[in-house]
Amino acid sequence: MAYKPKKIVESLEYNKQWDEWARQGNWSPVGWRWIEGPKGYRLDKLSTTNYLVIQRPHASLYHHSYGMTSKFFKGLLEKKLYGSKCPKCGSIYLPPRAHCWNAECRLEETEWVELPPRGEVHTFSVMAFSATPFLKTLPFIIAYVRVEGCCTTVPTRLLKVNPWDVYPGLKVNINFVEHPKGDIMDIYCTPAETPDPSKRIMSSETIERLKDDMRKVKEWVVRKFGSEAKPSIEI
Amino acid sequence: MSNRVAVVGGGISRFDNPRYELHEEMCAEAVREMLADNSNIDYPKDIDAVIYSYFSDHLAGQLCFHWIIHDYLGLLPKPAYRVESGGATPIDALINAFMYIKSGIFKNVLVVGWEKMSELDTPKVNEFIAAASDTDFDFPVGGYYTGYYAVLETRHMYLYGETEEDLAKIAVKNHNNATFNPYAQWRSQHGTTFITVDDVFKSRLISWPYRALNCAMISDGAACMLLASEETAKKFTDSPVWITGVGLGTDTMRPGDRVDNPMYRGLYSEDESIYPGVSTKTASPYPEMANFGSIRVSGDMAYKMAGIDNPVKQLDFAELFNPYDGVELAEYEDLRFCKRGEGKILVREGVTDWGGELPCQLSGAHTAAGHPVGATSIAQAMQIYWQLTEQTANKWKTKARALSGAQRALLQGHGGTGCQSGVIIFERG
Ligand SMILES: [Zn+2]
């Protein structure tokens, strides 16, 4: 193992399979194609030629320390929400900072405080396309939430609400997933109040279009992943 | 420090997905165009140093790629180094070249930028680009850059009331401009037919309020630009374009940290509160999670250096960094083309359209010309150079987007969600 801990106080059992994952794909080609394609630096100066294209996989396993913010992530494993508070200026940070960034505090070290599992949506988006690890959960709502008392906002998933019922200012509860694994996805938000339709920021035309979009995205996810598809928005 | 810096040439190797040529071959094509256009360049003798611009080692699966490019271009053993700052990489490279020459150590500095993003599928490309966000907080939630920029735009819409139609109009403007650009990916993939607002609405939703036609393309391509000192510029050309202002600025890595950023408090007192009549919503101080503070900072620095106090009047056109259409709208405000919250008015009045008072993105830019990260701003700079030297009609084989008599232009570029921004002012001699 590349990363040698000083002393393991507590851990999940190290699984040899993790090392296997990292060894999968050693930059070594697994296949090739002989392709006919265009050559040329401008669209009006193209010719045709052949190219050899290989398939070359690669994977890695990172042993990542959360450093001085570790207590926040250990808190997630214990289903507790911690923020960091500057003893000089009183600013509370979530995401936590181990050192206060207020100029007058001269990078003072912060202290841990437990935060209430409540906040409000500052802004949001409805995700209809994403990256490899999250495709199966499309469509989903991502919300930047200001947890009560904090001077920053934290990105989370917002569940159990229609996308058109989300607006800046919507009060939300912070919930923990059943089996936390030690990253920010251990928490998610749900509305703490019945959304007020008069505060919607989407027009009725937008909402109709979005309903159609949600249907299409779900169809696409199910087509691609079959029974593994887990769309996060119920309509 | 009185030594002025000129642009004396450059080239582009077209943006597309995929380009099958190797990275170094695309770079060679861009340099070949520069040399074909300017026989006064004694290559490689006239090149004193090179700055290389590319964003991602991940996308290429190759570290220190510039060492490959540098020897491929026959430029050994000249000094060379690589600049990397996300999407700001190419503008950062140009500004570094400017400072190299200003320092007096080098007279002629070549900037070469490229990116090849087609070797991975689109979700993986999104993932690797998102590795340039905070991987402990923003990354694991899965919004990625499409999501980060979307939440910023949602907030801007909430505060100032621009609509999806306003964003679509920006997409229409830029795509239609790109149909004339022979280096543009949109033209390669979709031809020369104009698009409409309805076409934007019909394109796939990516991250509300953004649809596919509102988003930057994933591209391969390369570009280069040769900068020279005042002393040597006249050897290369009778019509140099001068760099009269540069600016740099920064903002938080995590967009969510911008709601009450102490480092911006008091910096722009005129934008501390919302303009009455524009928005009645309460908001934190500028730039909040709606505008781009780094762009304001970099723009103001460049304006000061170039003596610009009324950008709309004093600039003839601009090429902006537009990975998503709401960014272009916010940039109008951050770069003081209008007041905070009034970007939508510029869109509705066509101020930044072809034929408007301040055309923006005549190249089509990121969403339509393409966005091979390390090359993008250099290619935009080349399009500015061709406009200011009145070569565009010849280069594009059409006068459709060729300006006549333009004196001064602005180039803006940034990385992350505006984590780092640069601005350059170009003026014809
Ligand atoms: Zn403090």
Pairs where the first residue, in the range B:48-74, is free of Cβ contacts under 8 Å to residues at least 60 places away in the same chain and the second is in a loop (DSSP other than H, G, I, E, B) and surrounded by fewer than 19 Cβ atoms within 10 Å (Cβ to Cβ), C-beta under 6 Å, 6+ apart: B:57/B:63; B:74/B:44
Selected residue (only one of A:111, A:148 is of a type in the set (D, E, K, R), open to solvent by 30 Å² or more (accessible area, probe 1.4 Å) and within 16 Å of the ligand (Cβ to nearest atom)): A:111
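Restricting to the range B:94-108, name every residue that is assigned to a helix (DSSP H, G or I) and out of contact with any Leu (no Cβ under 9 Å at 6 or more places or on another chain).
So the first thing to find is which residues in the range B:94-108 are assigned to a helix (DSSP H, G or I), and the list is B:94-103.
Of everything in the range B:94-108, those that are assigned to a helix (DSSP H, G or I) and out of contact with any Leu (no Cβ under 9 Å at 6 or more places or on another chain) turn out to be B:96, B:99, B:102, B:103.
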Failed item in (1) more than 11 Å from chain B (Cβ to nearest Cβ); (2) in contact with a helix residue (DSSP H, G or I) (Cβ under 6 Å, 6 or more places away or on another chain); (3) under 29 Å from residue B:201 (Cβ atoms); (4) not hydroxyl-bearing (Ser, Thr, Tyr), with residue A:177 passing the rest: (3)
Among (1) open to solvent by less than 10 Å² (accessible area, probe 1.4 Å); (2) more than 7 Å from chain A (Cβ to nearest Cβ), the one test that residue B:163 misses: (1)
From the options B:194, B:236, residue that is among the aromatic types (Phe, Trp, Tyr) and either within 12 Å of chain A (Cβ to nearest Cβ) or in contact with a strand residue (DSSP E or B) (Cβ under 8 Å, 6 or more places away or on another chain) (or both): B:236
Residue that is more than 7 Å from chain B (Cβ to nearest Cβ) and of a type in the set (Gly, Ala, Ser), where the choices are A:143, A:128: A:143
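Can you confirm whether residue A:155 is more than 7 Å from chain B (Cβ to nearest Cβ) and either outside any strand (DSSP E or B) or away from the ligand (no atom under 16 Å from the Cβ) (or both)?
Values: more than 7 Å from chain B (Cβ to nearest Cβ): no; either outside any strand (DSSP E or B) or away from the ligand (no atom under 16 Å from the Cβ) (or both): yes.
It is false that residue A:155 is more than 7 Å from chain B (Cβ to nearest Cβ) and either outside any strand (DSSP E or B) or away from the ligand (no atom under 16 Å from the Cβ) (or both).
Step by step: first the residues of the range A:114-124, then only those that are surrounded by 14 or more Cβ atoms within 10 Å (Cβ to Cβ) and either away from chain B (no Cβ under 13 Å) or without any contact (Cβ under 8 Å) to a residue 24 or more places away in the chain (or both), then the one that is nearest to the ligand (Cβ to nearest atom). Which residue is that? Reasoning before the result, please.
Step one: of the range A:114-124, the residues surrounded by 14 or more Cβ atoms within 10 Å (Cβ to Cβ) are A:115, A:117-124.
Then drop every residue that is not either away from chain B (no Cβ under 13 Å) or without any contact (Cβ under 8 Å) to a residue 24 or more places away in the chain (or both), which leaves A:115, A:117-118.
Details: A:115: 17, A:117: 24, A:118: 23 Å.
Per the stated criteria, the residue is A:115.
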Scan of the range A:32-54 for residues that are of a type in the set (S, T, N, Q), touching a residue at least 12 places away in the same chain (Cβ under 8 Å) and either closer than 21 Å to residue B:369 by Cα or surrounded by fewer than 12 Cβ atoms within 10 Å (Cβ to Cβ) (or both), ordered by number: A:48, A:50
Criterion violated by residue A:97 - all others in (1) within 16 Å of the ligand (Cβ to nearest atom); (2) open to solvent by less than 60 Å² (accessible area, probe 1.4 Å); (3) touching a Lys or Arg at 6+ places or on another chain (Cβ under 6 Å) satisfied: (3)
Hits in the range A:8-31 (condition: open to solvent by 100 Å² or more (accessible area, probe 1.4 Å) and within 30 Å of residue A:78 (Cα to Cα)): A:8, A:9, A:10, A:12, A:13, A:16, A:21
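A quick yes/no check of all residues on (1) within 16 Å of the ligand (Cβ to nearest atom); (2) touching an Asp or Glu at 6+ places or on another chain (Cβ under 6 Å); (3) within 12 Å of chain B (Cβ to nearest Cβ):
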| position | (1), (2), (3) |
| --- | --- |
| A:18 | no, no, no |
| A:41 | no, yes, yes |
| A:47 | no, no, yes |
| A:52 | no, no, yes |
| A:56 | no, no, yes |
| A:63 | no, no, no |
| A:78 | no, no, no |
| A:81 | no, no, no |
| A:84 | yes, no, no |
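The values are calculated or read from the model by the stated rules, or taken from the named source; none is laboratory data. Quick caveat: nothing in here was measured; it's all calculated off a predicted structure. Virtual Cβ from ideal backbone geometry, glycine too; neighbours counted across all protein chains shown. The area values use the complete protein model at the heavy-atom level, side chains included, leaving out ligands, DNA and RNA. Shrake-Rupley method; radii C 1.70, N 1.55, O 1.52, S 1.80 Å.
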